[in-house]
Amino acid sequence: MLKHCHVKLRESYWGRPRVHFLPYFTIYCPDNLIAAVKSQISILREVAEYAGLVEVVCLNATHLLRDPMSKVKQTDPRLWLELQWLATQKQEHLL
């Protein structure tokens, strides 16, 4: 299921100076897979915990691309292209 998603390791900084970071996974899923991935979130969080990560976050890539307030295209053009590719894949081959 995750082979049809874009998984990215992120770091969230906390405190001053920015030395304390909290690593987490972000999973960008197409519209038709978001429910299936969220149903397995407890397993994904357990895997993340064993890997020393804090959290797993699932985001709907299709909605993120359609959001007029999204700045993904400007801030991370490569991620934007990856999300475009995810959102345009054929529905019947994803599950």
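The values are calculated or read from the model by the stated rules, or taken from the named source; none is laboratory data. Everything numeric in this text was worked out from a predicted model, so none of it was measured. Because the Cβ atoms are built from the backbone with ideal geometry, glycine has one as well, and the counts that use them run over all protein chains shown. Please note that ligands, DNA and RNA were not included when accessible areas were found on the heavy atoms of the full protein model with its side chains. Shrake-Rupley method; radii C 1.70, N 1.55, O 1.52, S 1.80 Å.
Open to solvent by less than 50 Å² (accessible area, probe 1.4 Å), modelled with pLDDT of 85 or more and of a type in the set (S, T, Y): is that true of Y28 in this structure? So Y28 passes the test. Going by the structure shown, is Y50 within 19 Å of L9 (Cα to Cα), aromatic (F, W, Y), touching a strand residue (DSSP E or B) at 6+ places or on another chain (Cβ under 7 Å) and at pLDDT 90 or above? No, not satisfied. Residues in the range 38-77 that are in contact (Cβ under 8 Å) with a residue 24 or more places away in the chain and open to solvent by 100 Å² or more (accessible area, probe 1.4 Å): 1 in all.
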